[in-house]
Amino acid sequence: MKKTMYEKIWDSHLVVDVEGQAPLIYVDRHLMHEVTSPQAFEGLKLSGRKVRNPHSILATMDHCVPTKNRNLPIADPIARKQIEVMADNCKENGLNLYDMKSHNNGVIHVVVPEHGFVHPGMVVVCGDSHTATHGAFGALAFGIGTSEVEHVMATQTLPQKKSKTMLVQVNGELSKYSTAKDIALAIIGKIGTAGGTGYVIEYAGDAIKKLSMEGRMTLCNMAIEAGARAGLVAPDEKTYEYLNGKEFAPKGDNWEKALAYWNSLPSDAGAEFDAVVTLDAADIAPQVSWGTSPEQVIGVNANVPAPESFDNEGKRKACESALAYMGLTANMPITDIKIDYVFIGSCTNGRIEDFRAAAEVAKGTKVANGVTAIAVPGSYHVKDQAEAEGLDKIFIDAGWEWRDPGCSMCLAMNGDELTKGQRCASTSNRNFEGRQGKGGRTHLVSPAMAAAAAAAGHFVDIRKL
Amino acid sequence: MQPYTKHESIAALMNRSNVDTDQIIPKQFLKKVERSGFGVHLFHDWRYNDDGVTANPDFELNKPAFQDAKILVVGDNFGCGSSREHAPWAIADYGFNTIISTSYADIFYNNCFKNGILAIVVSQSQLDALMAEIAANEGVKFTVDLENRQVTTPAGNGFTFEIDPFRQGNLLSGLDDIGLTLKHVDKIDQYEVQHKQLYPWLWA
C-alpha cells in the first residue's frame, strides 16, 4: 500500500493498538520549558513514578526569562520561582537543561535544531503548541498538555488518535520579497485557523523544496495556527546537510544507517491524502495580519477588509469585533497603518536568516520617531552568529535594542509587552487579543516587513523600496 | 480525577467563535507551579474591568443568571492557540465540567478529558437551537448524561452525542490515563528493544 510520510511514522511508532483503547504511540524526543512542566513533575513525584528515558529529554528556559539585565535576579518573584523549580526538577531527574546561564540557552524550538536533537522520522512532543516547528525535519512533532507531559515522562508513550492527512502543495516560485512566513500566513488565510483541525499537514511543491531549513521551520511552526496537529516537510539533502556534524546527530556508521532510513520516509508517489490544498507561490505577496486571529491576514498592497466583504455571518462578526479591537477602519490601505512597536524574534522568526533579512532592510535606516524596535535573537548561538556578522551594529545604529534570547514579546510573559492601544509589527505567530499585553494590537509580518515598518513608522510594501 | 456523573446544571452562553487559550487564561497567570487556583483568572481580560478586580458587567459569564453554571455553550474552534493546560484547569476550577460547541482545537480537546471536562461536539443547527434556548431563558438548566450520551433541555432541544468510548470510559470512572498505559509496560519494553536495533543512533 502506498503510504504518506505521516502514515509511515505513525506505523513505525505504534506500540499498542487494541480494541476499545486509544492507540499508544512511542515518543522519541521530549522537549521542555519552564511553563508547562512543573505540574507534570509534581504529578510524577506524587505518584512515585520516574522519568523513563532521561536521555530523550532536552530542556530550556525561555518563556519567563528577561531579555536584558540577565545578570540580575528575575524581578518577578513568581517567575523566579518557576525558573528555580525547573532547575530543581531537571537536576533531580538527571535531565539535560540549558538554563539561563548556559551558552546554549534560547527558545526551545530554536535551540533543539541547533543541536541536531530532532531527526527525520522521529515522534517529538513538547508542552508547547509550536513544537510543530520540528516537522521541518520530517519528524512528527506536536504540542501536548501538561498531563501528557507527565504521561510521556512516565511511559515514553502517548495515547493518540490517528490524524487525517492534508497535502498543502505550494507550486511555482516565491518572489524574492516573500518568505516562508508569508507562505504560512497565506495558507492560514486560505484555510482558516480551524482548516487543519484533525489533520497533519504535509507541505510539498517547488516553493517548499526551495526553502532553507530555517524557512521550513518557520512554515511548520505555524501549522498549529492553521489548527493542524503537525506540519511535515519531506527530508532531503538540505535536511541531511543541516544535521550532519551537529552534537546529537548520528555519527559514523550510525549516520549511514540513519540516512538509509531517512531516505525511506517521504510519502510514496501516488499516496492518497484526505485533503489537498494548492497555492501558487507567485501569488503570495508579503502578508500583514489585520485582525485578532492569524486567518485575518492579507497582502500588504491590499486594504483592510470590510465586514460586509465576508460571505458568512460568523466571519462578518469576527471582522467587526477585530476592527474595533485593532482600532482600524474598513477599506483603509494596510500601508496607512501606523505602528508604535516592532518585535523581531520568537520560535517563528528568531533564527539567523531572519536577522539577516531584517538587517538588510534596517541597514542605514533609523527607527521612526515614537517607535520602539527590539531585536531578540532566538538563542545565544543566533546572537553570537549575528554579532560575528556585524548585524547587531546595524540594528543598534538604526536605533534598535539588541537583546538576549527568549520568547519575549511573542507571548509577553517576561515583562516585554505592549501597553493598551499600542500597535506592534511582530514576527511572532499569534495576533490574539492581549497576546502581547492587555489591549495591545499585533500585526504578524515577516522580518523584512517588520524592519521596513520600523523605519517608516507604518507598514510598507517592501517590493517598492 | 473525579468520576463524571449525570447532572442537571445551568448552561451559560458565550456566543463567540475562535476563543483562544490566551483569552481563557492570559499569560500573566502561567507562572505558577501549581495546578490549582486558576478559576479566579478564567477569561480575565474580558471578565474584569481595567483594574483587574471589579467585574465587567458586559461580560456574558458575569450575568447573575449564569452563576453556578456547570455547562458552557460556545461558538466554534473553542480553545485554539497555545497548548497551555492551564486553560482547562481554569475552566474546571471555575466550576464548568461540560462544554458544548461545534468544534474544538485539537490540543485543548485532549486536555479537557485529562481534567474531567466533557467536551461535546454538536452540529451547527443543534448549537443554534441550544444558544437560542439559553438566550430566551437565561438560567435554564440542561441535563447531561454521559453514560447514555444524552443531553436534554426543557425546550426539547436534547440530542444524543458521539464520543470516543475510551474517553467516555475514563471520564465515567475517573481513571488515571498513566495507570492504564502502564498496564502495557511489557509491550513498551519490547518496543524499545526492537527500537534500539532498528534505530541505534537514537540511543547512542
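The values are calculated or read from the model by the stated rules, or taken from the named source; none is laboratory data. All of these numbers come straight from a predicted model, not from anything done at the bench. Neighbour counts run over all protein chains shown; Cβ positions are idealised from the backbone, glycine included.
List of remarks:
- Scanning segment A:11-35 for residues that are charged (D, E, K, R) and touching a residue at least 60 places away in the same chain (Cβ under 8 Å) yields a count of 2.
- Every listed requirement among (1) within 10 Å of chain B (Cβ to nearest Cβ); (2) at pLDDT below 95 is met by A:N53 save one, (2).
- The criterion of at least 2 residues that are out of contact with any Pro (no Cβ under 8 Å at 6 or more places or on another chain) and not β-branched (V, I, T) is met by the following strands (runs of 3 or more DSSP E) wholly inside segment A:293-391: A:341-344, A:372-375.
- Qualifying residue in segment B:57-80 (condition: among the acidic types (D, E), in contact with a Ser or Thr (Cβ under 6 Å, 6 or more places away or on another chain) and crowded, with 21+ Cβ neighbours inside 10 Å): no
- Of residues in segment A:149-158 being under 18 Å from A:P23 (Cβ atoms) and more than 7 Å from every other protein chain (Cβ to nearest Cβ), the one surrounded by the fewest Cβ atoms within 10 Å (Cβ to Cβ): A:L158
- Within segment A:310-324, being hydrophobic (A, V, I, L, M, F, W, C), within 12 Å of chain B (Cβ to nearest Cβ) and touching a helix residue (DSSP H, G or I) at 6+ places or on another chain (Cβ under 7 Å) holds for one residue alone: A:C319.
- Answer residue from segment B:90-102, given it is surrounded by fewer than 21 Cβ atoms within 10 Å (Cβ to Cβ) and within 14 Å of another protein chain (Cβ to nearest Cβ) and is nearest to B:L13 (Cα to Cα) among those: B:T102
- Of the residues making up segment B:29-47, those that are part of a loop (DSSP other than H, G, I, E, B) and touching an Asp or Glu at 6+ places or on another chain (Cβ under 8 Å) number 8.
- Search result, residues across segment B:35-89 that are more than 13 Å from chain A (Cβ to nearest Cβ) and closer than 27 Å to A:A132 by Cβ: B:L42
- Residues in segment A:314-337 that are over 21 Å from A:A412 (Cβ atoms) and touching a residue at least 60 places away in the same chain (Cβ under 8 Å) were compared, and the one that is surrounded by the fewest Cβ atoms within 10 Å (Cβ to Cβ) is A:D336.
- Per this entry, A:A412 is counted among residues that are within 21 Å of A:V110 (Cα to Cα), of a type in the set (A, V, I, L, M) and either over 19 Å from the mean Cα position of the chain (by Cα) or part of a loop (DSSP other than H, G, I, E, B) (or both).
- The listed residue being of a type outside the set (F, W, Y), touching a His at 6+ places or on another chain (Cβ under 9 Å) and farther than 30 Å from B:Q126 by Cβ, out of B:L182, B:L202, B:L198: B:L202
- Against the test of being among the β-branched types (V, I, T) and within 27 Å of A:G106 (Cα to Cα), the options A:V304, A:V300, A:V276, A:V361 yield a single qualifying residue, A:V361.
- Screening A:D17 on (1) within 28 Å of the chain's Cα centre (by Cα); (2) more than 9 Å from chain B (Cβ to nearest Cβ); (3) within 25 Å of B:V193 (Cβ to Cβ) shows it passes everything except condition (1).
- Any chance A:N69 is away from chain B (no Cβ under 12 Å), free of Cβ contacts under 8 Å to residues at least 24 places away in the same chain and not β-branched (V, I, T): yes
- Scan segment B:159-179 for residues that are facing chain A (nearest Cβ under 7 Å), under 25 Å from B:L127 (Cα atoms) and either surrounded by 15 or more Cβ atoms within 10 Å (Cβ to Cβ) or more than 22 Å from the chain's Cα centre (by Cα) (or both) and the total you get is 1.
- Sole residue being aromatic (F, W, Y) and not in a loop (DSSP other than H, G, I, E, B), chosen from A:F142, A:F117: A:F142
- Residue in segment A:192-203 that is free of Cβ contacts under 8 Å to residues at least 60 places away in the same chain, among the polar types (S, T, N, Q) and under 27 Å from B:Q197 (Cβ atoms) present: no
- Residue ID - farthest from A:E202 (Cα to Cα), chosen from residues in segment A:257-280 that are out of contact with any Leu (no Cβ under 6 Å at 6 or more places or on another chain) and aromatic (F, W, Y): A:Y261
- All positions within segment A:75-91 that are surrounded by fewer than 22 Cβ atoms within 10 Å (Cβ to Cβ) and either touching a helix residue (DSSP H, G or I) at 6+ places or on another chain (Cβ under 7 Å) or within 14 Å of another protein chain (Cβ to nearest Cβ) (or both): A:A75, A:D76, A:P77, A:I78, A:R80, A:K81, A:I83, A:E84, A:V85, A:A87, A:D88
- Qualifying residue in segment A:281-304 (condition: within 18 Å of A:V170 (Cβ to Cβ) and more than 23 Å from the chain's Cα centre (by Cα)): yes
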